[in-house]
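As structure tokens, the structure follows; a few thoughts come after it.
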Amino acid sequence: MKEDMRISTQGLNCPKPLIETRKALRKLTKGQVLVVEGDHGVSKDEIPQAAADTGDEVLSVEEKGSIWIITIKKG
């Protein structure tokens, strides 16, 4: 799937990864895809839940070592 925007939240702690993800999603239009990379463990669970709560679709949550990658489709 084509990504329309990618952001890195590596090194950021709560609530910054979620805040940065929400900012990025506001810049996208319906159907566009955001990829978020980070390393804060709590945010790996928090971001997909928040996205689902706002009607966005979480396409995948992957882990590569200590880094996670979340792909979200704007709803």
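The values are calculated or read from the model by the stated rules, or taken from the named source; none is laboratory data. What you see is a predicted model, and the numbers here were worked out from it, not measured in a lab. Methodologically, a virtual Cβ is constructed for each residue, glycine included, from the backbone with ideal geometry; neighbour enumeration extends over all protein chains shown.
Brief remarks on what is shown
- Those strands (runs of 3 or more DSSP E) of the chain in which at least 2 residues are of a type in the set (Asp, Glu) and out of contact with any Lys or Arg (no Cβ under 7 Å at 6 or more places or on another chain), considering only elements entirely within it, cover 57-64.
- Only one entry of Leu28, Leu34 meets the criterion of being touching a helix residue (DSSP H, G or I) at 6+ places or on another chain (Cβ under 6 Å) and either buried (at least 19 other Cβ atoms within 10 Å of the Cβ) or more than 22 Å from Ser66 (Cα to Cα) (or both), and that entry is Leu34.
- Residues of the range 1-25 classified as closer than 15 Å to Thr71 by Cβ, of a type in the set (A, V, I, L, M, F, W, C) and loosely packed, with under 13 Cβ neighbours inside 10 Å, total: 1
- Extreme residue, nearest to the chain's Cα centre (by Cα), among residues of the range 13-55 that are among the small types (Gly, Ala, Ser) and modelled with pLDDT under 95: Ala52
- Within the range 36-60, tally of residues that are among the β-branched types (Val, Ile, Thr), closer than 18 Å to Cys14 by Cα and touching a strand residue (DSSP E or B) at 6+ places or on another chain (Cβ under 7 Å): 2
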